[in-house]
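To start, the structure itself, in structure tokens.
Read-outs: derived from the displayed coordinates by stated rules, not from any lab. Here the structure is a predicted model, which means the values were calculated and not measured. A quick note on method: Cβ atoms are made from the backbone with ideal geometry, for glycine too, and the neighbour counts reach across all protein chains shown.
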Amino acid sequence: MSNRIAPAKSPLKLASIDPRDTSGLNKDDDKLAEEMAERQKQIYDLHYLMYADNRRSLLIILQGIDASGKDGAVRYLAGGFNPQGLTIHSFKRPSDLELDHDYLWRVHQACPGRGEVAIFNRSHYEEVTVAKIHPEILAAEFLPTEIARQKDLFQQRYRQIRDFERMLAENGTVVLKLFLHISRDEQVERLEERMKDPRKHWKFSRQDLVEREFWDDYMRAFEEMIDATGTEHAPWYIIPADRKWYRNLLIGRIVAGTMKELKMEYPALPKQ
């Protein structure tokens, strides 16, 4: 397998991608452990260079269904980046202040500045997935008459998101979107583990069990989201995520490989 995996291609069929895939690799292979540690070091060095160069920034967006491993992916990535230049955002239910603005307002505020890295654990993409499956969420954002007028609301949002991410890219922010793809069987195992392990009770919500009933709807929403918003300047990568070690291996390869391709350099000494 190469050090990079290709961005998602349209039309996407998640059912055709095996969430348990490991490309024939074995987690007990010492070389893989060495590579994962080396990727973190490489990411640290590249982040140091990015901070010194002060022209580019990196936004990593993690999306996936409940229990897909977003928190674990954040922990792995956070082990590589310099904490002084890293921010992590987990977008929850919008506040009253946020609801008084457009849905991208709070997202833009959380985007990284030059030399910085931001990781989004969930993001503006909830607005075209969860909001699609539970349209009652839109009642907090629009008056009923406004909703009725917006027949193509989600197509409009796809366009707005593409434009928003293009604007970020044209201003120096690399937008990297990672979809963590797990199987339905793996999800239930992880949810059961949360119920059994007292240290993970805080992560369990009965709403997660309710949302499982919408599995097929979510898969269709994810496919449409990825097809509609995957672009050259902000690509989606599908990460087979049933195996946590393989998930982290791929993420490390993608992030390090992406950063390495940037034309960054250390500034020269000021002229006397």
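Table for the structure above
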{"read-out": "Gaussian network model of the chain, springs between alpha carbon atoms under 10 Å - residue of 66, 29, 208 with greatest fluctuation", "value": "29"}
{"read-out": "The stretch 230-242 - phi-based ³J(HN,Hα) in whole Hz, Karplus 6.51/-1.76/1.60, Gly and Pro as x", "value": "x, 10, 5, 8, 8, x, 9, 10, 8, 10, x, 10, 5"}
{"read-out": "Rounded Å value of the spacing that divides the Cα centres of the stretch 189-249 and the stretch 72-145", "value": "16 Å"}
{"read-out": "Residues whose placed amide H lies under 5 Å from that of residue 87, excluding near-sequence neighbours", "value": "117, 118, 119"}
{"read-out": "Over 32 Å (Cα to Cα) - which of 151/263; 9/151; 31/92; 13/41 fall in this group", "value": "151/263; 31/92; 13/41"}
{"read-out": "Exposure proxy order (Cβ contacts within 10 Å, fewest to most) of 259, 195", "value": "195, 259"}
{"read-out": "Order of 164, 214, 81 - criterion: other Cβ atoms within 10 Å of each residue's Cβ, fewest first", "value": "214, 164, 81"}
{"read-out": "Stokes-Einstein D in µm²/s, Kirkwood radius over Cα pairs - the chain at 10 °C with 1.306 mPa s viscosity", "value": "80 µm²/s"}
{"read-out": "Under 5 Å, built H, 5+ apart or other chain: amide partners of residue 237", "value": "8, 177, 178, 179"}
{"read-out": "Which of 176, 262 has the fewest Cβ neighbours within 10 Å, and the rest in rising order", "value": "262, 176"}
{"read-out": "Stokes-Einstein translational diffusion, the stretch 1-106 - Kirkwood Rh over all Cα pairs, 1.567 mPa s, 4 °C, in µm²/s", "value": "75 µm²/s"}
